[in-house]
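Here's the structure we're looking at; comments come further down.
The values are calculated or read from the model by the stated rules, or taken from the named source; none is laboratory data. Just so it is clear, the model here is predicted, and its values are computed rather than measured. Cβ placement follows ideal geometry from the backbone for every residue including glycine, while neighbour counts extend to all protein chains displayed.
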Amino acid sequence: MQHVYSGKVREIYTDGDDLLLVASDRVSVYDVVLPTPIPDKGALLTQLSVWWFGQLADIVPNHLISATDVPAEFEGRAIRCRRLEMVPFECIARGYLAGSGLKEYQATGAISGVPLPRGLVEGSRLDEPIFTPTTKVSDGGHDAPATFDDVVAAVGLSTATRLRDLTLEVYRRGAERAAANGIIVADTKLEFGMDSDGVLTLADEVLTPDSSRFWPAADWTPGRAQHAYDKQFVRDWAAGTGWDKTPPAPQIPPDVVDATHARYVDAYEKITGLPWRD
Ligand code: Q0Z
């Protein structure tokens with residue numbers, strides 16, 4: 001086993017021809033990783049993603065080989081997957097306006113070349129979900145918006161069209177399931193790759209609160225920043241400490257850790273309908 005990549009909250013190892021994607025219990029707010037782990041976070045997000053791969057298998061094949069055949073030290077919070085030739089875009093679907101999409105809309109009236117009606121505000125629901133790819137910027141920078149034509153230029157019209165259709169289809173399936181259980185999926189980021197037979201394959205993690213914006217539907221109020229389903233307690237506590245959002249971040253107090261853990265468990269249970277053990 002060889003460690004090949006560290007993200008802010010995840011790691012990649014190689015094991016022969018396979019990859020191991022390992023999720024940690026680390027949490028980031030304002031792009032800063034906090035010094036206090038959230039117990040079970042890595043396992044909850046890994047198991048949610050694995051559940052989604054199963055739910056989405058009729059839409060698109062995925063890279064998962066096993067969620068159990070992993071080293072004991074990573075048990076529950078890692079998957080073994082096939083190594084793919086990755087598509088060099090983040091495939092994002094948005095059903096609501098937030099984040100970098102909101103900024104781009106406010107500046108240009110469009111996101112990734114998709115024109116939107118006037119008068120939308122932070123948190124607005126879009127009439128139809130839209131495909132807003134970004135290009136991956138190497139070493140840590142924020143991703144840059146790309147248009148559908150940029151994707152076509154890089155991968156060809158048929159693959160680009162399939163990426164867009166699959167991304168929107170996965171978003172619709174995910175948003176519908178979550179909405180039925182009180183959770184808005186405002187947007188989601190997917191990664192795809194080509195397998196060794198040239199089959200377009202869903203990769204990475206899917207429809208987790210780290211790859212998507214989850215909002216409690218009961219609190220949804222367009223015209224202001226929305227509450228994050230998972231990290232809102234950490235954000236509210238961090239804002240109240242006077243911390244300036246630059247590293248190092250302060251330790252998270254136990255009550256905030258517990259409340260945040262409960263939100264990750266709640267999201268897992270609401271979406272999957274399964275009880276979380278532990
Ligand atoms: C995923 C990432 C991180 C987890 C590369 N099946 C695949 N084949 C080739 N490359 C990837 C995958 Cl999933 C791949 N990432 C993002 C970073 C932990 C996933 F630190 N990068």
| field | Among the candidates 25, 31, 15, residue that is acidic (Asp, Glu), surrounded by fewer than 17 Cβ atoms within 10 Å (Cβ to Cβ) and at negative phi | value | 15
| query | What do you reckon, is residue 210 charged (D, E, K, R), in a helix (DSSP H, G or I) and closer than 18 Å to residue 37 by Cα? | reply | no
| query | Of all the residues that make up region 66-82, how many are within 15 Å of the ligand (Cβ to nearest atom) and exposed (fewer than 15 other Cβ atoms within 10 Å of the Cβ)? | reply | 1
| task | Starting from residues that are of a type in the set (A, V, I, L, M), in a loop (DSSP other than H, G, I, E, B) and under 12 Å from residue 21 (Cβ atoms), keep the ones in region 52-79 and report whichever is farthest from the chain's Cα centre (by Cα). | result | 70
| Meets criteria (surrounded by fewer than 22 Cβ atoms within 10 Å (Cβ to Cβ), hydroxyl-bearing (Ser, Thr, Tyr), at pLDDT below 95 and under 19 Å from residue 211 (Cβ atoms)) for residue 5 | no
| Residue satisfying condition, being farther than 22 Å from residue 23 by Cβ, polar (S, T, N, Q) and either in contact with a Gly (Cβ under 8 Å, 6 or more places away or on another chain) or within 15 Å of the ligand (Cβ to nearest atom) (or both), within set 188, 208, 159, 147 | 147
| query | Is region 193-204 home to any residue that is within 16 Å of the ligand (Cβ to nearest atom), surrounded by 20 or more Cβ atoms within 10 Å (Cβ to Cβ) and either among the acidic types (Asp, Glu) or farther than 25 Å from residue 229 by Cβ (or both)? | reply | yes
| message | Restricting to region 93-111, give me the number of residues that are closer than 10 Å to residue 187 by Cβ and not hydrophobic (A, V, I, L, M, F, W, C). | response | 6
| request: Could you tell me whether any residue of region 212-228 is within 16 Å of the ligand (Cβ to nearest atom), buried (at least 22 other Cβ atoms within 10 Å of the Cβ) and within 19 Å of residue 52 (Cβ to Cβ)? | output: yes
| Scope region 189-231; condition among the hydroxyl-bearing types (Ser, Thr, Tyr) and within 21 Å of residue 145 (Cα to Cα); matching residues | 211, 212
| field | Qualifying position, being within 10 Å of the ligand (Cβ to nearest atom), over 17 Å from the mean Cα position of the chain (by Cα) and not basic (Lys, Arg), among 104, 85, 11 | value | 85
| task | Could you tell me whether region 252-265 includes any residue that is closer than 30 Å to residue 57 by Cα, surrounded by 12 or more Cβ atoms within 10 Å (Cβ to Cβ), touching a strand residue (DSSP E or B) at 6+ places or on another chain (Cβ under 7 Å) and at pLDDT 95 or above? | result | no
| So which of 183, 111 is within 29 Å of residue 32 (Cα to Cα), of a type in the set (Val, Ile, Thr), touching a residue at least 40 places away in the same chain (Cβ under 8 Å) and more than 16 Å from the ligand (Cβ to nearest atom)? | 183
| message | Of all residues being under 14 Å from residue 74 (Cα atoms), of a type in the set (Asp, Glu) and part of a loop (DSSP other than H, G, I, E, B) in region 14-51, which is nearest to the ligand (Cβ to nearest atom)? Just the residue, please. | response | 25
